[in-house]
């Protein structure tokens, strides 16, 4: 598997065109990852869709890198049907400012995927047409895929039983 | 049960004292989703599901109807959310495999491969050719299994009862193969990181050969029942149409995308598990309606049989697991006399193997579409993040677009035609 960008001419052209919107390029396991910034994200995605012909946003997800800072990464998996190429775009987000522009205007498929990230990680997408919970039940409090939520069996906290569950917890309270 | 369990009369009171966060959807949000006519009473809001036999699980649809015509459709999912991705964070890489069976419970082996393939990619493992071939045989059987359940239920939804019974009969033959190789009929967990759990047992060839012999004529039976049936065509031709560009924009994959005339199949575009060594074609539709999606899947049966036949004929000899003892468990008999094997066994079953820090995305073509797995590894024996790219989720997202302007009875046909499994949508 090629591990440098030099052996992938298609991708070096893309990186050159994007210029300083790309702050880092990683090639590993035969996959190319471009790291961009929150401010240049929509510009980069629009270019990748229209000029570089990555027509499909296959997947969008979030990774919690706790305790590193910046803590979150939003990961976009792009697929070009016409050029048979895959590309991953990553944006790092700070724990203190979990907002990012929504990709819905560029890729329609981002709609539910972003709702899922909002639901599970609490990241807010600016300009999203319908940002509300998608997987967790109505009335659920918190964001379950954050690292501070333990991987243990716990009664699901709804708004109507949260206080009681909290009262049963073994930790000290005032 | 703790003594202070909430009683029924306790709950509503606390609901009233908290914010309105417990509401599923606020009026402001609803206004954005339906047309203003819903507020004047000109159109009607109708709830469909989650307990509805034709929603293939627990899918809830909020429909805005003008008479019997669908004006807008708001899918509501999450009823089957089991937190599989979170559970993965607390399990070693090998212990994660049985969890993947439960994502798309009609195609357990496709899920297994997406997951183990992703871990293998992170470890840079080369799987023995025999294991790759056996994987291909089982994956194609899984595709047929998935399509059989789809065909049966889809036809049942539209009103053709006997197809369902036939499909379940043939599905038994495939489940028998699962049972033979893995010991389980549904939740197989047969693939391991680096190969297979064990080599195929004797009798496998006969069972698969029987499927190869029987299926072509059974497929003819299905075709006779539906293909040119005027009632079937009335319900499917020109219904739930979605164009090429829209299908791509919504991220649709699999037969649902190919029904719209886009030739994209992961097996051809990014071959895995030696799919590039087999000859097969990818059936593509043109109109993007329910009937074309049906035709694509029916043609895929023939292609799957073709691949299985080639793989059985050319099945190479050799091991079915990598020989790296840091990943592959040692054979049981070695543990009795080799100290090193015992240590490896102990380490693998207590701590598990470590995967170097990094991230990878690996996709397979499951019966539903591109089933992908994204793993972010932190260098330890447990993953930092495992995410599954579920084809059903993206295909379902296009449902409002497909169903606009259709009759409410067509909704049942359209939901059936995109072949969703709610276990995969909600994960």
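Kindly indicate the residue of segment B:51-85 that is farther than 30 Å from residue B:406 by Cα and at pLDDT 90 or above and also surrounded by the most Cβ atoms within 10 Å (Cβ to Cβ) among those meeting that condition.
The qualifying residue surrounded by the most Cβ atoms within 10 Å (Cβ to Cβ) is B:85.
Looking only at segment A:120-151, filter to residues that are free of Cβ contacts under 8 Å to residues at least 12 places away in the same chain and within 7 Å of chain B (Cβ to nearest Cβ); which one of those is nearest to residue A:91 (Cα to Cα)? Give the steps one after another, and end with the answer.
First pass over segment A:120-151, keeping only residues free of Cβ contacts under 8 Å to residues at least 12 places away in the same chain: A:138, A:149-151.
Retained after the next criterion (residues that are within 7 Å of chain B (Cβ to nearest Cβ)): A:138, A:151.
On the way: A:138: 29, A:151: 26 Å.
Ranking the candidates gives A:151 first.
Do we find a residue being under 29 Å from residue B:175 (Cα atoms) and within 20 Å of the chain's Cα centre (by Cα) anywhere in segment B:237-253?
Among the residues of segment B:237-253, at least one is under 29 Å from residue B:175 (Cα atoms) and within 20 Å of the chain's Cα centre (by Cα), which makes the answer yes.
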Filtering segment B:32-56 for residues that are within 14 Å of chain A (Cβ to nearest Cβ) and within 30 Å of residue B:149 (Cα to Cα) leaves a count of 1
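Counting only residues that are away from chain A (no Cβ under 14 Å) and touching a residue at least 60 places away in the same chain (Cβ under 8 Å), which one in segment B:58-91 is nearest to residue B:350 (Cα to Cα)?
First, the residues of segment B:58-91 that are away from chain A (no Cβ under 14 Å): B:61, B:63-71.
If we keep only those that are touching a residue at least 60 places away in the same chain (Cβ under 8 Å) too, we end up with B:61, B:63, B:65, B:68-71.
Numbers: B:61: 45, B:63: 51, B:65: 57, B:68: 59, B:69: 59, B:70: 55, B:71: 56 Å.
For segment B:58-91, the residue satisfying everything is B:61.
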Where residue A:35 falls short, out of the listed (1) part of a loop (DSSP other than H, G, I, E, B); (2) at pLDDT 90 or above:
(1)
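What number of residues within segment A:152-165 are assigned to a helix (DSSP H, G or I) and within 9 Å of another protein chain (Cβ to nearest Cβ)? First the steps, then the outcome.
The first filter runs over segment A:152-165 and keeps only residues assigned to a helix (DSSP H, G or I), leaving A:162-165.
With the extra rule that they be within 9 Å of another protein chain (Cβ to nearest Cβ), the set shrinks to A:162-164.
Residues meeting the conditions: 3.
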Criterion: assigned to a loop (DSSP other than H, G, I, E, B) and either out of contact with any strand residue (DSSP E or B) (no Cβ under 6 Å at 6 or more places or on another chain) or buried (at least 19 other Cβ atoms within 10 Å of the Cβ) (or both) - qualifying residue of A:135, A:87:
A:135
Take residue B:322 and tell me if it is buried (at least 19 other Cβ atoms within 10 Å of the Cβ) and within 14 Å of chain A (Cβ to nearest Cβ).
no
Of everything in segment B:92-137, what is outside any helix (DSSP H, G or I) and within 13 Å of another protein chain (Cβ to nearest Cβ)? Give them in sequence order.
B:92, B:95, B:96, B:124, B:125, B:126
Unmet requirement for residue A:56, which otherwise passes all of (1) buried (at least 21 other Cβ atoms within 10 Å of the Cβ); (2) within 15 Å of the chain's Cα centre (by Cα)
(2)
Run down A:33, A:46, A:61, A:37 and say which single residue is closer than 25 Å to residue B:269 by Cβ and touching a helix residue (DSSP H, G or I) at 6+ places or on another chain (Cβ under 8 Å).
A:61
Tell me, which residue of segment A:59-84 that is more than 15 Å from the chain's Cα centre (by Cα) and part of a strand (DSSP E or B) is nearest to residue B:86 (Cα to Cα)?
A:79
Find the helices (runs of 4 or more DSSP H) located wholly in segment B:179-264 whose residues include 1 or more that are touching a strand residue (DSSP E or B) at 6+ places or on another chain (Cβ under 6 Å), and list them.
B:244-249
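Are any residues in segment B:390-426 more than 16 Å from residue B:368 (Cα to Cα) and outside any loop (DSSP other than H, G, I, E, B), and if so, which ones?
Correct list: B:400, B:401, B:402, B:403, B:407, B:408, B:409, B:410, B:411, B:412, B:413.
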It is to be established whether one or more residues within segment B:328-340 are out of contact with any helix residue (DSSP H, G or I) (no Cβ under 9 Å at 6 or more places or on another chain), under 15 Å from residue A:59 (Cα atoms) and not in a loop (DSSP other than H, G, I, E, B).
no
Of the conditions (1) at pLDDT 90 or above; (2) within 14 Å of chain A (Cβ to nearest Cβ), residue B:427 fails just one. Which one is it?
(1)
Quick one: which residue in A:102, A:94, A:109, A:82 is crowded, with 16+ Cβ neighbours inside 10 Å and more than 8 Å from chain B (Cβ to nearest Cβ)?
A:102
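The values are calculated or read from the model by the stated rules, or taken from the named source; none is laboratory data. Because the structure is a prediction, the values reported are computed rather than measured. Please note: Cβ atoms are built from the backbone with ideal geometry, for glycine as well, and neighbour counts cover all protein chains shown.
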